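The values are calculated or read from the model by the stated rules, or taken from the named source; none is laboratory data. Since the model is a prediction, treat every value here as computed from it, not as a measurement. A quick note on method: Cβ atoms are made from the backbone with ideal geometry, for glycine too, and the neighbour counts reach across all protein chains shown. Surface accessibility is based on the protein's heavy atoms, side chains included, excluding ligands, DNA and RNA. Shrake-Rupley method; radii C 1.70, N 1.55, O 1.52, S 1.80 Å.
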Amino acid sequence: MEKIRPMLFTTLKKYSGAQLMSDVVAGIIVAIIALPLSIALALASGVGPEQGIYTAIAAGFVISFLGGSQVQIAGPTAAFATIVAGIVAKSGVEGLAIATIMAGIILVIMGFCHFGSLIKFIPFTITTGFTSGIAVTIVIGQLKDFFGVTYPAGIVGVVCLAILIVMPMITEKIPGSLVAVIAGILMVKFLPLHVNTIGDLYTVSNKLPAFRLPVFSYDVIQGSLSDAFTIAVLAAIESLLSCVVADGMIGGKHRSNTELVAQGA
């Protein structure tokens, strides 16, 4: 039976200086890509850009440190946008915090009960339809911005999309998303384009958030239970599916139960 053991500790046994340099470069690339992505997902979820940045830092570190995959940082991302937005609209950020804490506890229990192996019994048609539905939802939500319906029209979206399509044909060593992010920033900075930025639309504070525990009560917990199970099941499915994809790319083998515990933490 699979032990709950973070993959990091196993990897460090055969770690080398060359791997360290590769990981430093990979870390920088991931950080550059994760910054705008985390802000975008926060805004799509109905919260501010700071929450996205804080979550990317804290959750990214914890899941990477405790996770069961050699290369995965955190599996579920965009899949949560529609779920989280609905919870925020219904219960506010306070309700989201409570549901998330409960979901974390459920995921840890699932990991220690060795539920990770159950992923193999989920039909492929369900996972394909599920992830395709998420992709369609995200695309529909971005169309108004892409075509300039909500914000002033520009060419930034078209250029970035073109880069994402063309870059894999040129080289696979440099992620197209990294080039698109850098190109978009340079275009907005140096070309006379009328494009709203995060700084134009939001006030981003550089102060750390104040620590505040949500108020727990029986009624609040009962009302958040269904949301917590939704978050937990979605996190489990998406993270383990991401692990399977990552395994196929590197020829590795993840530890599913360890990953569930890390996601819960």
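Would you check if there is a residue in the stretch 104-116 being of a type in the set (Gly, Ala, Ser), under 28 Å from Ile33 (Cα atoms) and either out of contact with any Phe, Trp or Tyr (no Cβ under 6 Å at 6 or more places or on another chain) or open to solvent by 60 Å² or more (accessible area, probe 1.4 Å) (or both)?
The answer is yes; a qualifying residue exists.
Say whether the condition of being surrounded by 14 or more Cβ atoms within 10 Å (Cβ to Cβ), closer than 25 Å to Gly46 by Cα and out of contact with any Ser or Thr (no Cβ under 8 Å at 6 or more places or on another chain) is met by at least one residue in the stretch 162-176.
No.
Filter the stretch 37-52 for residues that are part of a helix (DSSP H, G or I) and out of contact with any helix residue (DSSP H, G or I) (no Cβ under 6 Å at 6 or more places or on another chain) and give the result.
Leu37, Ala40, Leu43, Glu50
Might you let me know whether the stretch 62-82 holds any residue that is touching a residue at least 40 places away in the same chain (Cβ under 8 Å), surrounded by fewer than 17 Cβ atoms within 10 Å (Cβ to Cβ) and within 21 Å of Phe211 (Cβ to Cβ)?
Yes.
Among the numbered criteria (1) loosely packed, with under 14 Cβ neighbours inside 10 Å; (2) of a type outside the set (Phe, Trp, Tyr); (3) without any contact (Cβ under 8 Å) to a residue 12 or more places away in the chain, which one does Leu193 miss?
(3)
What is the number of the single condition among (1) at pLDDT below 80; (2) exposed (fewer than 14 other Cβ atoms within 10 Å of the Cβ) that Gly251 does not meet?
Going through the list (1) at pLDDT below 80; (2) exposed (fewer than 14 other Cβ atoms within 10 Å of the Cβ), Gly251 breaks only (1).
Can you pull out the helices (runs of 4 or more DSSP H) entirely within the stretch 154-265 that have at least 2 residues that are over 30 Å from Ile101 (Cα atoms)?
In the stretch 154-265, the matching helices (runs of 4 or more DSSP H) lie at 156-170, 176-190, 198-201, 218-250.
Would you mention how many residues in the stretch 177-187 are surrounded by 15 or more Cβ atoms within 10 Å (Cβ to Cβ) and either more than 18 Å from Ala26 (Cβ to Cβ) or in contact with a Lys or Arg (Cβ under 9 Å, 6 or more places away or on another chain) (or both)?
So the answer is 3.
Looking only at residues in the stretch 205-248 that are acidic (Asp, Glu) and open to solvent by less than 70 Å² (accessible area, probe 1.4 Å), which one is nearest to the chain's Cα centre (by Cα)?
Within the stretch 205-248, the match that is nearest to the chain's Cα centre (by Cα) is Glu238.
Would you mind finding the one in Leu241, Leu213 that is of a type in the set (A, V, I, L, M, F, W, C) and without any contact (Cβ under 8 Å) to a residue 24 or more places away in the chain?
Leu213
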